[in-house]
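Quick notes on the structure that follows.
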Amino acid sequence: MDRKDIVEANRAAWNEAEPYHRRAKFEELEEGFRTPGFSCLDALETKLLLGLGIEGKDVIQLCCNNGRELLSIKNLGARRCVGVDLADAFVAQARELARAGRIDAEFVASDVYALPASYDGGFDLVYVTIGAICWLPDLGQFLDLTKRLLRPCGRFFLYDQHPVLWVFDPAPEGDGFLFNYPYFMEGPIKESGGLDYWTRKPYEARPNFAFQHTLGAILQGLIDRGFRLEHFAEHPHDISTRFTAQEKRPNNPPMSMTLIARSEAKR
């Protein structure tokens, strides 16, 4: 499959998943955002964002799903907030949540690689969170986009599942890990069990295609584009919720990571 076919397959798979997500979580989120200042961000992420001085900053979230994190960032005091997602149905859901909270945010239905040049140089922060870069067939082009979107000295913020978790499946008994996949994967991983990550119940679904991007590829990709690493930390907690039962084991791999990199000013 070429990249265009992969992107269109993922768009269809995510649009198909929207009703499952809506039934599982939308009402709770809608009610939350009706409360002024509501945030769904955890304490770690909130602390890091506030430490960046998020108030008054212009933020774009790439692969934003239903925009719940971006709307939370807006409630932390960010100024202009733009969310971009491939799936039209989730962009529509994001706009519903924004209306429920009377929150001023823009949501764009687009393949991130096709984002118009009118957004270039318009942001202080490019924000990416769990379940975003794994859908990107070309990490380098994505980081080129990130660089393009930022103002001089703007920052890239990533809070994601640690790439090493890609090699594992949860053990069926809920205690331990099954070492099932190579860390250095080439090409897409095809799955067809559905994309309901709230209940994790499979359904007969359109195929989707995910990609492994190693920690080295992410860090070197940023270095190659002139970013300066300001913060990197590995964490023992699982933000994907896939390995929640394994979190309390004494001997675990890193489960999540946070990364902040600054785009150097042009000389």
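The calculated FRET efficiency for the pair Ser192 and Arg80, based on their C-beta separation and a Förster distance of 45 Å, comes to about 0.75. Take the Cα radius of gyration of the chain and divide it by 2.2 N^0.38 Å, N being the number of residues; the result is 0.97. Reported to the nearest whole Å, the Cα centre-to-centre distance from the stretch 197-267 to the stretch 28-96 is 19. Using only side-chain charges placed at the Cβ, +1 for Lys and Arg and -1 for Asp and Glu, the dipole size of the stretch 114-267 relative to its Cα centre rounds to 520 debye. Dipole magnitude for the chain: about 760 debye, using +1 per Lys or Arg Cβ and -1 per Asp or Glu Cβ, origin at the Cα centre.
In this simple spin-label approximation, Ala217 and Asp2 carry label points 7 Å from Cα along the Cα→Cβ vector, and these lie 2.1 nm apart. With helices as the sole contributors, the chain gives -9000 deg cm²/dmol at 222 nm; each DSSP H run of n ≥ 4 counts as -39500 (n - 2.57), and the sum is divided by every residue. In sequence order, the stretch 66-82 has phi-based couplings of 8, x, 5, 5, 5, 5, 5, 5, 4, 5, 7, x, 4, 8, 6, 10, 10 Hz under the Karplus curve 6.51 cos²θ - 1.76 cosθ + 1.60, θ = phi - 60°, and Gly or Pro positions carry x.
The simple Förster model, with R0 at 22 Å and r as the Cβ-Cβ distance, assigns Tyr181 and Leu139 a FRET efficiency of 0.75. Summarising the label geometry, the points placed 7 Å from Cα in the beta-carbon direction at Glu264 and Arg151 lie 2.1 nm from one another. Looking at the stretch 132-267, the pairs of alpha carbons with a distance over 27 Å make up 28% of the total. In whole percents, the pair-distance distribution calculated for the stretch 53-114 from its alpha-carbon pairs, binned every 10 Å from zero, is 27, 55, 18, 0.
Read the figures in this text as sums done on the coordinates, not as results from a lab. Keep in mind it's a predicted model, so treat the numbers as computed, not measured. Cβ coordinates were reconstructed from backbone atoms using ideal geometry, including for glycine residues, and neighbour counts include every protein chain displayed.
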